[in-house]
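Structure record follows, encoded as structure tokens.
Values in this text are rule-based calculations from the coordinates and carry no lab data. Being a predicted model, the structure only gives us computed values, none of them experimental. No Cβ is skipped: glycine too gets one built from the backbone with ideal geometry, and neighbour counts run over all protein chains shown.
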Amino acid sequence: MADKNGPDGTGRTSGKGTPGFHDDDLERRRRELGAVLATRRPDRSQGKEAEGAGRASGYGQAFKLSSEFIAGIVVGVVIGWTIDRLVGTSPWGLIVFLLLGFVAGILNVLRSVGAVAELDQRGGKPPEPKE
């Protein structure tokens, strides 16, 4: 009975007996793939300054989005706590306005990212896309 692990016992075969599987074909395909990737890759010759500016811009955007999200939650908690103190409905006002603040925070983040179109104030239609 033949050993299924290959001739050297490692589980690998030499590839020479496999039809349609040659080193020349693999090398040609690798070069073609490298050429395609090179055309699709962004230009990396701008240097470290552009990379640092992009990173700082990314940190600024992340800080802006997280602060908008947290602000929505904090405002909801403050309003809910205040209503609970004035009306005496503890903890229901806090719970309801915490959830509303959470939803408002998510909506603010989505608006900042551009995933939610803001309605035009004149007719209630989304604004025309800018080209």
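What to note about this one:
- Extension gain, V78 back to V103 (0.36 nm per residue minus Cα-Cα distance, nm): 7.5 nm
- 3J(HN,Hα) along the range 98-112: 5, 5, 5, x, 4, 5, 5, x, 5, 4, 5, 5, 5, 5, 5 Hz, from the Karplus curve 6.51 cos²θ - 1.76 cosθ + 1.60 with θ = phi - 60°, whole Hz, x for Gly and Pro.
- Cα-projected label distance for A56 with S90, points at 7 Å along beta-carbon direction, nm: 4.8 nm
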